[in-house]
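Presented below is the structure to which this report refers.
The values are calculated or read from the model by the stated rules, or taken from the named source; none is laboratory data. Predicted, not measured: the structure shown is a model, and the values here were computed from it. No Cβ is skipped: glycine too gets one built from the backbone with ideal geometry, and neighbour counts run over all protein chains shown. All accessible areas refer to the heavy atoms of the entire protein, side chains included, with ligands and DNA or RNA removed. Shrake-Rupley method; radii C 1.70, N 1.55, O 1.52, S 1.80 Å.
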Amino acid sequence: MVIIAELPPLRRIDNINNYLDMVGNIVDYVTHVDIPDSTFANPSANAVLVGALIKRRYGNVEVMANVRVADHNKVGLVSLIMGGLANGIKDYLLMRGDLGPGVTAVTDLTPISAIDYLRGVEQIDDARLGISISNFDEGYIKERLSAKPNFAMLQYTLSMDDLIRVITVNREFNVDVYPPLLIITNKSSRIISRILNAEVPVKQDPIDDAVKRARELLQYFPGIYLSAPGDFDAVIETAKALRRYL
């Protein structure tokens, strides 16, 4: 069973020790930590390099580094992953990446073509390559899974219909798919509501609610990732509670 904690991006490099201490509060309760990379086109410390720091301090947790293919050509992408592998990072979630005003993309690769290209690079045979599924249209899901990633991560949804659609399509591909466990608290609900474009109510006991939904999701999926944007304390509490109940 895979339990992934989505970390906040590291946006200030003058608090690295505080950031690593924060990570230390959760590493004993999850199998992986997922490190975002410049979400919403706001620069943050490179996920692979941050992951190397985490692996150096906490070797018992696996790191899942997000990689924006819009920022890399083929040579740069291979070099980045080689550096990550040298630091014990095996899992790479490939995504296009958001582009801000005045920012242009490197057009060498898409997440799908990147997986196809990287499969042929001998130096990174040990890398596990993942893809993000950000749309729940059946044709889109099939296109992403047909790239034959090692794993896929679903973008935010609270719809069981969305998840069943992914499960149905994935019967053909048998990819390890990880849906989000959205932890809805007073701090996180505003951001989650904005991303989902719908009002998301906060339950009386957000952690208990999250644990109940986690147990349901894990009946259908081999793992989940815990996300509470703006409220990492809730991710820690949920991870601890899951350890007791699962």
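Just so you know, in segment 101-126 the residues that are among the small types (Gly, Ala, Ser) and part of a loop (DSSP other than H, G, I, E, B) include one that is nearest to the chain's Cα centre (by Cα), and it is Ala105. Count, please, the residues in segment 24-37 that happen to be closer than 12 Å to Tyr225 by Cα and open to solvent by less than 20 Å² (accessible area, probe 1.4 Å). Result for segment 24-37: 4.
For segment 41-92, a tally of residues being under 17 Å from Thr31 (Cα atoms) and of a type in the set (S, T, N, Q) returns 2.
There is at least one residue in segment 46-58 that is touching a strand residue (DSSP E or B) at 6+ places or on another chain (Cβ under 9 Å) and farther than 22 Å from Met153 by Cα.
For residues that are open to solvent by 80 Å² or more (accessible area, probe 1.4 Å) and not acidic (Asp, Glu), scanning just segment 109-124, find the one that is nearest to Arg144 (Cα to Cα). Show your work before the answer.
Kept after step one, since they are open to solvent by 80 Å² or more (accessible area, probe 1.4 Å), are these residues of segment 109-124: 116, 119, 122-123.
Narrowing the set further to residues that are not acidic (Asp, Glu) leaves 119, 123.
Details: Arg119: 15, Gln123: 24 Å.
Result: Arg119.
Among what's in segment 89-110 and is modelled with pLDDT of 95 or more and either touching a His at 6+ places or on another chain (Cβ under 6 Å) or not hydroxyl-bearing (Ser, Thr, Tyr) (or both), pick the residue that is farthest from Leu53 (Cα to Cα). Within segment 89-110, the match that is farthest from Leu53 (Cα to Cα) is Leu94.
Residues are listed down the side, and each one gets a yes or a no for (1) touching a Ser or Thr at 6+ places or on another chain (Cβ under 8 Å); (2) open to solvent by 30 Å² or more (accessible area, probe 1.4 Å); (3) under 25 Å from Thr238 (Cβ atoms); (4) acidic (Asp, Glu):
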{"site": "Met1", "(1), (2), (3), (4)": "yes, yes, yes, no"}
{"site": "Asn15", "(1), (2), (3), (4)": "no, yes, yes, no"}
{"site": "Met22", "(1), (2), (3), (4)": "no, yes, yes, no"}
{"site": "Tyr58", "(1), (2), (3), (4)": "no, yes, yes, no"}
{"site": "Val61", "(1), (2), (3), (4)": "yes, no, yes, no"}
{"site": "Val67", "(1), (2), (3), (4)": "no, no, no, no"}
{"site": "Asn73", "(1), (2), (3), (4)": "no, yes, no, no"}
{"site": "Leu85", "(1), (2), (3), (4)": "no, yes, no, no"}
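Which residue is surrounded by the fewest Cβ atoms within 10 Å (Cβ to Cβ), if the candidates are limited to segment 127-154 and must be modelled with pLDDT of 95 or more and assigned to a loop (DSSP other than H, G, I, E, B)?
Within segment 127-154, the match that is surrounded by the fewest Cβ atoms within 10 Å (Cβ to Cβ) is Asp137.
Contact annotation: residue pairs with Cβ atoms under 8 Å, 6 or more positions apart or on different chains, pairing a residue in segment 62-73 that is among the small types (Gly, Ala, Ser) with a partner that is open to solvent by 40 Å² or more (accessible area, probe 1.4 Å) and at pLDDT below 95, are Ala70/Arg96; Ala70/Leu99; Ala70/Val106.
Within segment 74-100, which residues are assigned to a helix (DSSP H, G or I) and either touching a helix residue (DSSP H, G or I) at 6+ places or on another chain (Cβ under 7 Å) or in contact (Cβ under 8 Å) with a residue 60 or more places away in the chain (or both)?
Within segment 74-100, Lys74, Leu77, Val78, Leu80, Ile81, Met82, Gly83, Gly84, Leu85 qualify.
Can we say Ala198 is surrounded by fewer than 15 Cβ atoms within 10 Å (Cβ to Cβ) and hydrophobic (A, V, I, L, M, F, W, C)? Yes, satisfied.
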